[in-house]
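Trainee: Structure incoming, see below.
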Amino acid sequence: MSGRVYRLHSTLELPLEDVMDYFENDPELPPEVENVDITRRNNTLIIKAVSADDNLSKYTPTAQLKASVTENRVYEEEPPRAGAPNWGDEEEEEIPSELVEFACFKGDLETVLQNTALQYPMFLVLREIAMLSEKGTLTAITEEGDELQATRIVEGEVRAASVEVVENPQQNGSSDSGINWRDNKFIS
């Protein structure tokens, strides 16, 4: 399998426990990836591809997924809004909650999916993780074979996506919003 990742943008957030469970349940990885090494350094989670190809030098950095780890308070029910009226002198009940660590795969290609060796197979792994996420979006333009493919996953669901090739990208948007530097009277 060969492929390439040209563009990628991710805003995925999912519980760290879900990510760890996914890899502990021995998922079906792409054939080029024998296994993954998962490392946590402070508030950073790194999921690095281990190559199935013995010919790949041990000094060649393989692709890795990088996520920041944050703690969020998760409530069992919706907490009351600040500034809401408080009727009577009733003692407020504490809403049950817990602190949950979230893995946040946020950013563009170089931030979320680093290094080029095994980059496309690790994108396929990220795509599977995106299917588990209930919050965030994954969009990408990839090449498999000789075909460009658009990927868009929103809150764990695959959505329609397409690749549009245009001669001049400015024709698509509003060209009046920019500054005409050639005819600017303030520049001599």
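The values are calculated or read from the model by the stated rules, or taken from the named source; none is laboratory data. What you are looking at is a predicted structure, and each value in this text was computed from that prediction instead of being measured. Cβ coordinates were reconstructed from backbone atoms using ideal geometry, including for glycine residues, and neighbour counts include every protein chain displayed. Quick note on the areas: whole protein, heavy atoms, side chains included, nothing else; ligands and nucleic acids left out. Shrake-Rupley method; radii C 1.70, N 1.55, O 1.52, S 1.80 Å.
Trainee: May I ask you to list the residues in the stretch 99-116 that are open to solvent by 20 Å² or more (accessible area, probe 1.4 Å), closer than 20 Å to Leu148 by Cα and either part of a strand (DSSP E or B) or touching a helix residue (DSSP H, G or I) at 6+ places or on another chain (Cβ under 8 Å) (or both)?
Mentor: Once the filter is applied, which keeps residues that are open to solvent by 20 Å² or more (accessible area, probe 1.4 Å), closer than 20 Å to Leu148 by Cα and either part of a strand (DSSP E or B) or touching a helix residue (DSSP H, G or I) at 6+ places or on another chain (Cβ under 8 Å) (or both), the stretch 99-116 yields only Asp108.
Trainee: Picking from Tyr22, Tyr59, which residue would you name as being within 14 Å of Phe105 (Cβ to Cβ) and among the aromatic types (Phe, Trp, Tyr)?
Mentor: Step by step, each of Tyr22, Tyr59 is checked, and only Tyr22 is within 14 Å of Phe105 (Cβ to Cβ) and among the aromatic types (Phe, Trp, Tyr).
Trainee: Collect the residues in the stretch 10-44 that are open to solvent by less than 80 Å² (accessible area, probe 1.4 Å), charged (D, E, K, R) and closer than 14 Å to Glu101 by Cα, keeping them in residue-number order.
Mentor: Scanning the stretch 10-44 gives Glu13, Asp18, Asp21.
Trainee: Turning to a different aspect of this structure: Looking only at the stretch 54-94, filter to residues that are under 24 Å from Ala130 (Cα atoms) and among the hydroxyl-bearing types (Ser, Thr, Tyr); which one of those is modelled with the lowest pLDDT?
Mentor: Tyr75
Trainee: Just the residues that are of a type in the set (A, V, I, L, M) and open to solvent by less than 30 Å² (accessible area, probe 1.4 Å), please, taken from the stretch 119-153.
Mentor: If the condition is that a residue be of a type in the set (A, V, I, L, M) and open to solvent by less than 30 Å² (accessible area, probe 1.4 Å), then Met122, Leu124, Val125, Leu126, Ile129, Ala130, Leu138, Ala140, Ile153 are the ones that fit.
Trainee: As an exercise: evaluate Lys48 against (1) closer than 18 Å to Gln114 by Cβ; (2) touching a strand residue (DSSP E or B) at 6+ places or on another chain (Cβ under 9 Å); (3) loosely packed, with under 15 Cβ neighbours inside 10 Å and give the number of the one condition it does not meet.
Mentor: (3)
Trainee: Turning to a different aspect of this structure: Tally the residues that are among the aliphatic types (A, V, I, L, M), surrounded by 13 or more Cβ atoms within 10 Å (Cβ to Cβ) and assigned to a strand (DSSP E or B), restricting the search to the stretch 62-78.
Mentor: Number of matching residues: 3.
Trainee: Which pairs do you get when a residue that is among the polar types (S, T, N, Q), found in the stretch 3-22, comes within reach of a residue that is in a helix (DSSP H, G or I) and surrounded by 17 or more Cβ atoms within 10 Å (Cβ to Cβ), reach meaning Cβ atoms under 8 angstrom, with the pair 6+ apart or on two chains?
Mentor: Ser10/Val112; Ser10/Leu126; Ser10/Ala130
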